[in-house]
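*Asks:* A single structure is presented below for examination.
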Amino acid sequence: MAGESSRKGFYLYDDRRKATPDPDIHSYIERSRQIAGVKADPQLTKLSDKDIVEMIFLPVVNEACCVLDEGIAVKASDLDIASIMGMGFPSFRGGIMFWADSLGAKYINTRLEEWSKTYGNFFKPSSYLAERGAKGIPLSAPVNQASSKL
């Protein structure tokens with residue numbers, strides 16, 4: 001079996017367990033792009049680790065802002081607990097809203113606005129986030145409502 005590769009997920013492994021990307025995956029990616037009507041964006045290959053983390057989690061923060069704005073949750077700390085216990089967000093980061101406040105509402109709003117111009121409405125900031133970013137109000141600051149809608 002020397003020189004032979006084994007396939008696991010997206011990678012091929014040689015007999016020394018060195019991984020290389022499976023070339024067959026590219027055909028699946030291209031077919032998915034055709035079905036979705038999406039073209040490859042060369043800019044996405046230049047994303048830093050920080051950009052990738054933010055492109056995953058800033059839309060989650062935006063949705064959490066909608067949850068607060070709609071009164072589904074009363075406090076940002078409730079969403080912090082839910083993010084840690086429900087989606088496995090790292091507890092040492094304090095939860096999704098606590099982490100978001102470490103970045104700042106203005107920064108998050110600006111990043112989402114940039115991406116929405118480039119990639120579409122998926123990244124469009126909520127009015128809650130935009131307002132707090134413009135006024136410099138932390139996302140975890142109390143919302144003007146008495147009780148949850150749940």
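*Asks:* Applying 1/(1 + (r/R0)^6) with R0 = 22 Å to the Cβ-Cβ distance of Ile137 and Thr110, what FRET efficiency is obtained, to the nearest 0.05?
*Replies:* 0.90
*Asks:* When every alpha-carbon pair in the chain is counted, what percent end up more than 27 Å apart?
*Replies:* Here the long-distance tail beyond 27 Å is 41 percent of all Cα pairs in the chain.
*Asks:* Another question, if that's okay. Scan the chain and hand back the longest stretch that contains none of the trypsin sites (Lys or Arg not before Pro) lying in DSSP loops with at most 11 other Cβ atoms within 10 Å.
*Replies:* Answer from the scan: 40-148.
*Asks:* What is the magnitude of the charge dipole of the chain about its Cα centre, with +1 placed on the Cβ of each Lys and Arg, -1 on the Cβ of each Asp and Glu, and no other charges, expressed in debye to the nearest 20?
*Replies:* Charge dipole, the chain, about its Cα centre: 120 debye, nearest 20.
*Asks:* Something else now. Taking springs between alpha-carbon atoms closer than 10 angstrom, which of Leu103, Leu139, Leu58 fluctuates most in the Gaussian network model of the chain?
*Replies:* Leu103
*Asks:* What percent of all Cα-Cα pairs in segment 58-123 falls into each 10 Å bin, going from 0 up to the bin containing the maximum distance?
*Replies:* P(r) over segment 58-123, rounded to whole percents: 22, 49, 28, 2.
*Asks:* Quick one: if the Förster radius is 25 Å, what FRET efficiency do Ala40 and Arg17 give, using the C-beta to C-beta distance and rounding to 0.05?
*Replies:* The calculated FRET efficiency here is 0.25.
*Asks:* Using only Cα atoms, tell me the angle between helix 49-69 and the longest principal axis of the chain; keep it within 0 to 90° and round to the nearest 10.
*Replies:* The answer is roughly 30 degrees.
*Asks:* Another question, then. Residue farthest toward the positive end of the dipole of segment 43-132, with Cβ of Lys/Arg at +1 and Asp/Glu at -1: which of Phe122, Cys66, Met87?
*Replies:* Checking the options against the dipole of segment 43-132, the answer is Phe122.
Coordinate-derived values only; no laboratory data. Here the structure is a predicted model, which is why all the values come from computation and not from measurement. Don't worry about glycine lacking a Cβ; one is built from the backbone with ideal geometry, like all the others, and counts go over all protein chains shown.
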